[in-house]
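Nothing in this text is a laboratory measurement; each read-out follows from the coordinates by a stated rule. The structure presented is a predicted model; accordingly, all values stated were derived computationally and were not measured. Positions of Cβ are backbone-derived with ideal geometry, glycine not excepted, and every protein chain shown enters the neighbour counts.
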Amino acid sequence: MTGKTITRVDLYAAVYEKLGLSRSTSRALVETVLKEITDTLAKGETVKLSSFGSFVVRKKKQRIGRNPKTGTDVPISQRRVMVFKPSAVLKQQIDAKRSGAKKSVAELGSSASAR
């Protein structure tokens, strides 16, 4: 796996290059989208992005865990966690990249909607 981590700066640059917006506008656009996603998740709501996936906030109940060093029981408080569920289109696109076949998102989207 040779994966490169994409950062906010990379997203700003991609918007700048592909849309031709100014650097400051590109940065503001990316930050606005990320803030909207963050605020929605903080309220406990789901974020669904078509052909990409869903960010879902789940509530975990309080439970008893075990300290691996001492073996004593330790209560783990209830909390909320965020999980990401990729769409079928994204899964197909990732699998196509791994197998070497190249399909565009449009082709994947049309095949996914034909089901």
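Counting charges near Phe84 (Lys, Arg +1; Asp, Glu -1) among other residues having Cβ under 14 Å from its Cβ returns a value of +4. Could you estimate the translational diffusion coefficient of segment 1-43 from the Stokes-Einstein equation, with Rh from the Kirkwood formula over C-alpha pairs, at 10 °C and 1.306 mPa s, in whole µm²/s? D = 140 µm²/s. For segment 1-85, the relative contact order comes to 19 percent (Cα pairs under 8 Å, sequence separation of at least 6). If the segment from Phe84 to Val57 were pulled out straight at 0.36 nm per residue, it would be longer than the present Cα-Cα gap by 8.8 nm.
Restricting to DSSP loop positions (anything but H, G, I, E, B) with no more than 15 other Cβ atoms inside 10 Å of their own Cβ, which trypsin sites (Lys or Arg not before Pro) remain in segment 17-89? Let's see the in-between values first.
Working: sites: Lys18, Arg23, Arg27, Lys35, Lys43, Lys48, Arg58, Lys59, Lys60, Lys61, Arg63, Arg66, Lys69, Arg79, Arg80; in loops: Lys43, Lys61, Lys69.
Counting only loop positions with at most 15 other Cβ atoms within 10 Å, the trypsin sites (Lys or Arg not before Pro) in segment 17-89 are Lys43, Lys61, Lys69.
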